[in-house]
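Read-outs: derived from the displayed coordinates by stated rules, not from any lab. Not measured: the values here are computed from a predicted model.
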Amino acid sequence: MRPTVTEQLDGLRRILAETIVPEVTSPYPAEILGGVIGALDALQANWHRIPAFLRWDIEATAGVLEAAQPLLDADLAAKVAAMKADDDPTDLAALETRQMRMRELLVEAMPAILADPDETGAYPRMIALFRERTERFPFSMAARPPVKKA
């Protein structure tokens with residue numbers, strides 16, 4: 001398929017950088033535009049890593065929730081158990097939905113995990129998940145300096 005997703009993202013970024021940037025003279029819109037161009041750069045470079053990241057995040061979050069099972073009330077434990085189904089690894093929308101739902105369940109489980117951090121090992125697994133998630137997140141971007149006009 002031409003243009004590819006990568007080529008389309010590059011084209012959008014170039015249109016903004018080459019056509020729109022020279023026309024934007026106000027500092028705040030120029031700064032916002034620079035951020036959008038930076039986000040497109042990050043998306044272009046990393047969009048192909050999204051499915052693997054989502055699968056990893058789902059599995060790692062499930063591991064924390066499984067470790068926390070003894071701490072959870074019956075209703076929450078049933079919700080966690082219901083999330084065991086595997087998704088089609090090529091269905092990005094399904095992966096995103098499942099990842100968001102797993103994160104919501106982790107938020108629901110946090111009070112129980114925090115109330116007894118040494119009981120199940122879920123607490124250190126949760127902290128490790130948060131740290132590794134930050135390192136693995138495909139769209140980490142360095143802050144861009146404001147665009148300076150001559």
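Compute the long axis of helix 122-136 from its Cα atoms, compare it with the longest principal axis of the Cα atoms of the chain, and write down the angle in degrees, 0 to 90, nearest 10.
20 degrees
What residue among Met102, Met83, Met126 has the largest mean-square fluctuation in a Gaussian network model of the chain, using Cα springs under 10 Å?
Met83
Scaled to the compact-protein estimate 2.2 N^0.38 Å, what is the alpha-carbon radius of gyration of the stretch 5-48, rounded to two decimal places?
Values: Rg = 10.8 Å, N = 44, 2.2 N^0.38 = 9.3 Å.
With N residues counted in the stretch 5-48, Rg over 2.2 N^0.38 Å equals 1.17.
Relative to the longest principal axis of the chain, what angle (0 to 90°, nearest 10) does the C-alpha long axis of helix 5-15 take?
Taking the Cα atoms of the chain, the angle to 5-15 is about 40 degrees.
Binning every alpha carbon pair distance of the stretch 49-136 at 5 Å from zero, what are the percents per bin?
Going out from 0 Å in 5 Å bins, the stretch 49-136 shows 2, 15, 27, 23, 18, 10, 4, 1 percent.
Based on the Cα atoms of the chain, what semi-axes does the equivalent ellipsoid have, where each is the square root of 5 times one gyration tensor eigenvalue, given in whole Å with the largest first? Mind dumping the intermediate values first?
On the way: eigenvalues 320, 73, 25 Å².
After scaling each eigenvalue by five and taking roots: 40, 19, 11 Å.
Once you have the Cα-Cα distance between Ile50 and Arg101, take 0.36 nm times their residue separation minus that, and quote the gain in nm to one decimal.
Difference between extended and current length: 16.7 nm.
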